[in-house]
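Structure, as structure tokens:
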Amino acid sequence: MDRLRVLVVDDEIGMCQGIERALRNYTVRVQEIGEDIQFDVDKATTGTEALAAIERISPHLILLDYKLPDMLGSDILEKLKVDKRTDMLVIMITAFASIETAVATIKRGAYDFLAKPFTPEELRSVVQKAASRLILQKQAQRFAEEKRQIRFQFISVLAHELKSPLNAIEGYLNIIRDRTLGDEVLKYDRMVERCVIRIEGMRKLILDLLDMTRIESGQKKRVFEEFDLREIANESIEMMLPDAKSRGITISLEGGAPAIMTGVRDEMSMMFNNLISNAVKYNKDDGEVNVTIVKNEDAVNISVADTGVGMTSEETSKIFDDFVRIKNSSTKDIMGSGLGLSIVKKLVSLYGGDISVESTMGEGSAFAIHLRTDIEPENTGEQLDAR
């Protein structure tokens, strides 16, 4: 439960005490965030006392009498305006109520206006509205700060992921330019090859970033159609066969009935491409990749298992996060963006599904996906949360 600090500024002691009693055990429910708010009340009877209290306790809400013994409430409003205090709201209270007074105080920065005499219910109604505004404003500021931090972390990681290959390419090109190894062209072939590999890695990172942005933005129209998941899986397998055969890795799609579902074909292709590509990249020479697809009444279960390097339990716990790559002696030379499995997880969530992994170091990994096939197209285009 959150608490807001209220400062009552009125030269009538009875008024201050009455407001304190009305708010002492009062609870405001902010429905938008499911949070309850209560109040701590402080009092001041002059403008001078009020300004000192504002400086000392930084109240969230000020109930300010328009006419005080030493100054007007509007003078305090002007002071707050000069200090640009945006973390508090002011409700003007006065016995000299008029439309002109209300408009003037609102223009000077007051949030609301309460005419004397008022009932406890009227007071609570105005306070409830102001408290809800304060809490939602604070929540928005917290979200904005979290967004700023996430953006900063994202850019930092992205800069690091691009800086390393660029430094490597620059180093190789400097050696080639300066003819450090002599004038025989063949001596530089390996360096040229490494540059090409690094460039391919950066291109993959950029394409993965575009895929992730397209998924998370929710702005691209998703065209639904009926298809057989086994056909899409076969297309991904055929695309990966050259790399697999060069290392003696076999890829199999276990036999079974067609797995017909309705969805976005490109999304399913992206999912299989990432899973099967990883299963080949992180496999051992002469290893195996086994793909299984089983269709039930309203769901489809997919498994992609390999006989590769495997992962520890700590690694599997974060493998679906953005920019996460498994780095050890077995994977240090494998290029990747660290976004593939994060993209797969986001795609799976679009179909109300889930993804998990079981892995053993040195023996391999098995990714299991469960997709719902009863999702209505109009309910699947919601924007995903990128935090």
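The values are calculated or read from the model by the stated rules, or taken from the named source; none is laboratory data. Since the model is a prediction, treat every value here as computed from it, not as a measurement. So basically every Cβ, Gly included, is an ideal-geometry build from the backbone, and we count neighbours across all protein chains shown.
Step by step: first the residues of segment 340-360, then only those that are farther than 18 Å from residue 205 by Cβ and small (Gly, Ala, Ser), then the one that is surrounded by the most Cβ atoms within 10 Å (Cβ to Cβ). Which residue is that? So the residue we want is 359. Counting only helices (runs of 4 or more DSSP H) that sit completely within segment 7-85, those holding 3 or more residues that are within 39 Å of the chain's Cα centre (by Cα) and surrounded by fewer than 20 Cβ atoms within 10 Å (Cβ to Cβ) correspond to 47-57, 73-82. Residue pairs whose Cβ atoms lie under 6 Å apart, sitting 6 or more positions apart in sequence or on different chains, and linking a residue in segment 141-158 that is modelled with pLDDT under 80 to a partner that is hydrophobic (A, V, I, L, M, F, W, C), are 157/323. Among all residues of segment 284-301, there is at least one that is of a type outside the set (Ser, Thr, Tyr), over 25 Å from the mean Cα position of the chain (by Cα), outside any strand (DSSP E or B) and surrounded by 14 or more Cβ atoms within 10 Å (Cβ to Cβ). So for segment 53-70 (the condition being in contact with a helix residue (DSSP H, G or I) (Cβ under 6 Å, 6 or more places away or on another chain), farther than 18 Å from residue 112 by Cβ and not polar (S, T, N, Q)), does at least one residue qualify? Yes; the residues of segment 53-70 include at least one that is in contact with a helix residue (DSSP H, G or I) (Cβ under 6 Å, 6 or more places away or on another chain), farther than 18 Å from residue 112 by Cβ and not polar (S, T, N, Q). The number of residues in segment 241-268 being within 27 Å of residue 221 (Cβ to Cβ) and assigned to a strand (DSSP E or B) comes to 4.
Yes/no per residue for (1) closer than 17 Å to residue 10 by Cα; (2) of a type in the set (Val, Ile, Thr):
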residue: 39; (1), (2): no, no
residue: 58; (1), (2): no, no
residue: 63; (1), (2): yes, no
residue: 66; (1), (2): yes, no
residue: 74; (1), (2): yes, no
residue: 78; (1), (2): no, no
residue: 87; (1), (2): no, no
residue: 93; (1), (2): yes, yes
residue: 117; (1), (2): yes, no
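Does residue 313 satisfy being among the polar types (S, T, N, Q) and touching a helix residue (DSSP H, G or I) at 6+ places or on another chain (Cβ under 7 Å)? Taking the combined requirement at face value, the residue does not satisfy it.
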